[in-house]
Amino acid sequence: DGGITQSPKYLFRKEGQNVTLSCEQNLNHDAMYWYRQDPGQGLRLIYYSQIVNDFQKGDIAEGYSVSREKKESFPLTVTSAQKNPTAFYLCASSYSGSAGTEAFFGQGTRLTVV
Amino acid sequence: EDQVTQSPEALRLQEGESSSLNCSYTVSGLRGLFWYRQDPGKGPEFLFTLYSAGEEKEKERLKATLTKKESFLHITAPKPEDSATYLCAVQARSEYGQNFVFGPGTRLSVLP
């Protein structure tokens, strides 16, 4: 079945640690996105990538890093520079094109600082 | 700056009581407006795409409509299983391609 797989579902980070969230898609989508969701707030864009080896900062990129070495994969690293990383992280993908195309989401990773 | 607002923030309905959710947007170069449903602890599930003013889409008890400034999600005779957060998003043109701007969502509770 085609879809987006995020792992792990739950992740615990100690102070000062870097952690990496995995996102894999088999939908043959060009574009991939990372969003952060906090209680009572909408989705905020962290990074997005339209093609392999290229990505752009979103609204809240500070303290995060990404790579896009393969079309199918878009991992997100939460670095120690991110002071408030506890949140629900969502990865999405979509086709690129002139007309609007919907994004499909993974099931999310809940990151907690301990 | 592209913006999306949604109202109300939360809505409680009795089973069978129809209502509408609002999504207002300001965006340059709209490529599409999207509605999603999100259950607690899950990723958003795609519902509809609307491209131009006057367009309507329906799916079971849900109907989405679009004007030049806002979209409505009409829920007819809702059931408890329709309880979820409903998210609205717009896709806009940007210097680097396209991305999605989401509203804060409307939390819908349907009571039996």
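The values are calculated or read from the model by the stated rules, or taken from the named source; none is laboratory data. Being a predicted model, the structure only gives us computed values, none of them experimental. Neighbour counts run over all protein chains shown; Cβ positions are idealised from the backbone, glycine included. Keep in mind that these areas ignore ligands, DNA and RNA; they rest on the heavy atoms of the full protein, side chains included. Shrake-Rupley method; radii C 1.70, N 1.55, O 1.52, S 1.80 Å.
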Between A:70, A:57, which is over 26 Å from residue B:36 (Cβ atoms) and of a type outside the set (Ser, Thr, Tyr)? A:70
For region A:12-24, which positions are within 20 Å of residue A:63 (Cα to Cα), open to solvent by 50 Å² or more (accessible area, probe 1.4 Å) and under 17 Å from the mean Cα position of the chain (by Cα)? A:12, A:18, A:20
How many residues does region B:48-81 hold that are touching a Leu at 6+ places or on another chain (Cβ under 9 Å), closer than 23 Å to residue A:101 by Cβ and among the β-branched types (Val, Ile, Thr)? 2
Residues that are surrounded by 14 or more Cβ atoms within 10 Å (Cβ to Cβ) and either at the interface with chain A (Cβ under 9 Å from one of its Cβ atoms) or in a loop (DSSP other than H, G, I, E, B) (or both), drawn from region B:18-44: B:27, B:30, B:31, B:32, B:33, B:34, B:36, B:38, B:42, B:43, B:44
If residue A:101 meets every condition in (1) farther than 24 Å from residue A:18 by Cβ; (2) open to solvent by 50 Å² or more (accessible area, probe 1.4 Å); (3) not aliphatic (A, V, I, L, M) apart from one, which number is that one? (2)
When residues of region B:1-17 are limited to those that are open to solvent by 50 Å² or more (accessible area, probe 1.4 Å) and modelled with pLDDT under 95, the one nearest to residue B:111 (Cα to Cα): B:3
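Every residue, every condition in (1) of a type outside the set (Gly, Ala, Ser); (2) more than 20 Å from residue A:25 (Cβ to Cβ); (3) at pLDDT below 95, yes or no:
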{"position": "A:40", "(1), (2), (3)": "no, yes, yes"}
{"position": "A:51", "(1), (2), (3)": "yes, no, yes"}
{"position": "A:59", "(1), (2), (3)": "yes, yes, yes"}
{"position": "A:66", "(1), (2), (3)": "yes, no, no"}
{"position": "A:69", "(1), (2), (3)": "yes, no, no"}
{"position": "A:77", "(1), (2), (3)": "yes, no, no"}
{"position": "A:87", "(1), (2), (3)": "no, yes, no"}
{"position": "A:91", "(1), (2), (3)": "yes, no, no"}
{"position": "A:94", "(1), (2), (3)": "no, no, yes"}
Residues satisfying the stated conditions in region A:66-88, i.e. more than 10 Å from chain B (Cβ to nearest Cβ) and assigned to a strand (DSSP E or B): A:66, A:70, A:73, A:76, A:77, A:78, A:87
I'm checking my understanding of the structure. Among residues of region B:45-86 that are hydrophobic (A, V, I, L, M, F, W, C) and in contact with a His (Cβ under 9 Å, 6 or more places away or on another chain), which one is farthest from the other protein chains (Cβ to nearest Cβ)? B:62
Does residue B:108 satisfy being open to solvent by less than 10 Å² (accessible area, probe 1.4 Å) and more than 14 Å from every other protein chain (Cβ to nearest Cβ)? yes
Hey, can you tell me all the residues within region A:42-60 that are within 9 Å of chain B (Cβ to nearest Cβ), assigned to a loop (DSSP other than H, G, I, E, B) and closer than 15 Å to residue A:74 by Cα? A:58
The condition from (1) open to solvent by less than 50 Å² (accessible area, probe 1.4 Å); (2) touching a residue at least 24 places away in the same chain (Cβ under 8 Å) that residue B:55 misses is numbered (2)
Residue A:9 passes all but one of the listed conditions (1) touching a residue at least 24 places away in the same chain (Cβ under 8 Å); (2) surrounded by fewer than 13 Cβ atoms within 10 Å (Cβ to Cβ); (3) away from chain B (no Cβ under 14 Å); the exception is number (3)
